[in-house]
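Contents: one structure, followed by commentary.
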Amino acid sequence: MRWLAALCAAVVPLIGSAQTARAISGTVYDDGAALAVRTGFAPAAGATVKLYRDGGDRIPSADDGIVATDTTNAKGAYAFPPMSSGDYWVAVDSRTLGKGATAAWAEQTFGPAGSLCTRLDGTSQTTYFEGSCIGGRTTAGDDASSLMTSEHIALVSASDSGTGVDFAFSFNLVTSTADGDRLQGSFRQFLANANAIGGPNRMRFVPLTAAPEQRDPTMGVPTQWWLITLATPLPELADDDTVIDGTAYNLISPASVLHMNPGRLGEMATVRPQDRTVPLIEKPELELMLNGENGIVCAKRCGIRALSLHGSPIGVVTRADARIEQVLIGASPDGVSAQGGSVAVQVEKGVASATHVMVTTQTRAGILVGAEGRLDGQHLEINRCGDPQSGGGIVLLSNESQVRDSVIAANPGAGIIMGSLDGATPANGNLVKSSTISSNQAGVLFGPGSSKNVVTQNDIMWNPLGGGGSEPGA
């Protein structure tokens with residue numbers, strides 16, 4: 001009896017230990033929209049997940065030893081065997097989510113309860129509930145070779161609930177204003193992701209740092225926006241349907257716009273509700289200092305919106321259908337002229353649909369449309385562009401382009417040129433309607449051989465060399 005009692009006494013703690021030990025498991029997801037909302041998640045297969053036992057301080061440290069590693073299956077799921085009671089760290093290696101593309105590198109959007117997540121003041125906070133965890137624990141890139149340098153981690157207890165330890169990542173998330181090759185969360189990395197992974201890619205800018213003051217305060221209110229200075233030329237966009245979007249979103253709620261640079265260009269400080277119906281360009285929150293001969297090159301279908309950009313001789317080159325809206329070229333986000341160029345938008349092929357675009361300080365042309373391209377422009381503002389001999393605000397060397405409801409003013413060259421002035425490339429069937437063409441050297445010029453162009457319902461005035469005319473032989 002004594003032996004039996006002793007045996008029972010020895011077995012009871014083992015049973016109790018087995019009852020408290022639980023498997024730690026969860027799912028890793030691809031969050032394409034980068035909204036940190038489960039309804040948009042898709043399973044991410046092939047991701048490496050590591051499990052570390054906490055040394056007792058509940059802080060990632062050198063005494064936290066690795067105990068297991070797993071790889072997510074086709075459903076994005078991973079699982080570790082039952083562990084003895086205690087605290088454990090789950091870490092996801094974000095470099096293994098590349099969908100087979102070594103150039104791709106996703107950034108974290110979502111984490112489980114117990115995640116370490118960065119905040120704008122540079123600190124890391126532990127979350128009590130699952131949800132948004134933009135960028136992981138710090139602003140640094142992920143190095144999952146050790147827990148100390150892992151960015152995407154969460155503390156879980158095997159004795160409580162070790163299931164549903166879920167993470168999500170996005171290839172479309174931009175969190176950093178730093179530039180360089182292989183920088184997680186950078187604008188350049190987003191472009192590399194878009195080229196490496198087929199299908200649509202829409203950039204979501206959720207900065208991990210506060211917007212710096214860019215100008216002296218006006219009436220006590222500082223002017224703030226983010227600036228990315230590119231160290232080298234950007235890669236061409238080589239996959240259809242990549243959208244570069246500079247709209248800034250909230251770190252805690254990535255569906256909420258920040259509005260750090262509120263208002264519209266040319267708008268008074270006090271605006272009546274009915275004044276909002278006047279079409280004006282929204283002030284962007286992201287400025288790109290470009291590098292190289294060509295700034296952004298769309299070799300495939302693309303979209304560019306909510307940006308100011310300058311610094312390259314040619315700001316944007318399109319070789320396929322493109323949509324450009326709420327963009328400033330040659331100016332900072334407050335509309336102040338910045339470093340000029342030669343051509344702001346060069347349309348080589350496809351249709352460039354441009355709406356609410358401001359262009360300034362270009363030596364050859366604000367918008368240049370080649371023989372194989374076409375422009376569909378509305379609410380354009382083109383000024384200080386073109387040389388007096390052959391340049392202009394808009395130069396159309398193609399057929400069937402349209403310019404409507406725009407202001408083409410104060411250009412050293414002509415407001416609009418249709419067809420090359422030497423007659424080598426005539427332009428036919430273009431339309432300029434309901435626009436103001438004012439204070440340019442000349443209003444509208446037609447190159448030799450250009451015909452069937454329609455200029456109607458415009459205000460063409462105060463152009464020293466006249467409102468419209470043809471070169472000899474036209």
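Among (1) 40, 29, 24; (2) 72, 24, 17; (3) 58, 21, 16, which one is semi-axes √(5λ) of the Cα gyration tensor in Å computed from these coordinates?
Among (1) 40, 29, 24; (2) 72, 24, 17; (3) 58, 21, 16, the one calculated here is (3).
Using a simple charge model, +1 on the beta-carbon of Lys and Arg, -1 on the beta-carbon of Asp and Glu, nothing else, what dipole does the range 238-372 show about its Cα centre, in debye to the nearest 20?
Numbers: 11 positive and 15 negative charges, 44 e Å.
Dipole of the range 238-372, to the nearest 20 debye: 220 debye.
Quick check on my link table: of 99/349; 75/300; 349/452; 99/283, which ones sit more than 28 Å apart, alpha carbon to alpha carbon? Write down the numbers at each step before the final one.
Details: 99/349 31 Å; 75/300 32 Å; 349/452 22 Å; 99/283 36 Å.
Result: 99/349; 75/300; 99/283 exceed 28 Å.
Compute, for the range 350-434, the length of the dipole vector about the Cα centre, with Cβ point charges of +1 (Lys, Arg) and -1 (Asp, Glu) only. Units Debye, rounded to 20. Intermediate results must be reported in sequence, preceding the final value.
On the way: 5 positive and 7 negative charges, 24 e Å.
Around 120 debye, computed over the range 350-434.
Counting heavy atoms of the protein chains only and a 1.4 Å probe, report the per residue accessible area for the range 298-369 as a whole number of Å². Present the calculation step by step, with values, prior to reporting the outcome.
Values: 1880 Å² over 72 residues.
Counting only protein heavy atoms, the per-residue value for the range 298-369 is 26 Å².
How many angstrom lie between the C-alpha centres of the range 292-354 and the range 136-160?
When both Cα centres are located, 39 Å separates them.
Calculate how many DSSP beta bridges within the chain are antiparallel, expressed in % of all such bridges and rounded to the nearest 5.
Values: 40 of 131 bridges.
Percentage antiparallel, nearest 5: 30.
Could you give the accessible area per residue of the range 372-414, probe 1.4 Å, as a whole number in Å²?
On the way: 1590 Å² over 43 residues.
Here the residues of the range 372-414 average 37 Å² of exposed surface.
Given the convex hull over the Cα atoms of the range 341-474, what projected area results after averaging over all orientations, in nm²?
Details: hull surface 25.2 nm².
In nm², the orientation-averaged hull projection of the range 341-474 is 6.3.
Got a number for carbon plus sulfur as a percent of the chain's accessible area, 1.4 Å probe?
C and S fraction of accessible area: 55 percent.
Please give the peptides 222-232, 431-441, 102-112 ranked by average Cβ packing (other Cβ atoms within 10 Å per residue), highest first, as a rough proxy for protection. Walk me through the numbers before you get to the answer.
Numbers: 222-232: 16.9, 431-441: 20.9, 102-112: 24.3.
So the order, starting with the most tightly packed, is 102-112, 431-441, 222-232.
Can you give the accessible area per residue of the range 21-68, in Å², using a 1.4 Å probe? Numbers along the way, then the final one.
Values: 2110 Å² over 48 residues.
With all protein chains present, the range 21-68 gives 44 Å² per residue.
Could you work out how far the C-alpha centroid of the range 188-247 sits from that of the range 395-474, in angstrom?
The distance from the Cα centre of the range 188-247 to that of the range 395-474 comes to 34 Å.
Using helices alone, I'd like the mean residue ellipticity at 222 nm for the chain: each DSSP H run of four-plus residues gives -39500 (n - 2.57), total over residue count, nearest 500.
Details: 2 runs with 29 residues, N = 474.
Result for the chain, helices only: -2000 deg cm²/dmol.
Based on the inverse mean of 1/r over its pairs of different Cα atoms, what is the Kirkwood hydrodynamic radius of the range 108-179, in Å? Could the numbers behind the result be given before it?
Values: mean 1/r = 0.0789 Å⁻¹.
Evaluated over the range 108-179, this radius sits at 12.7 Å.
The values are calculated or read from the model by the stated rules, or taken from the named source; none is laboratory data. Predicted model, so just to flag it, every value in this text is computed and none were measured. We place every Cβ from the backbone using ideal geometry, glycine too, and count neighbours over all the protein chains shown. When the accessible area is computed, the model is the full protein with side chains, heavy atoms only, and any ligands, DNA or RNA have been set aside. Shrake-Rupley method; radii C 1.70, N 1.55, O 1.52, S 1.80 Å.
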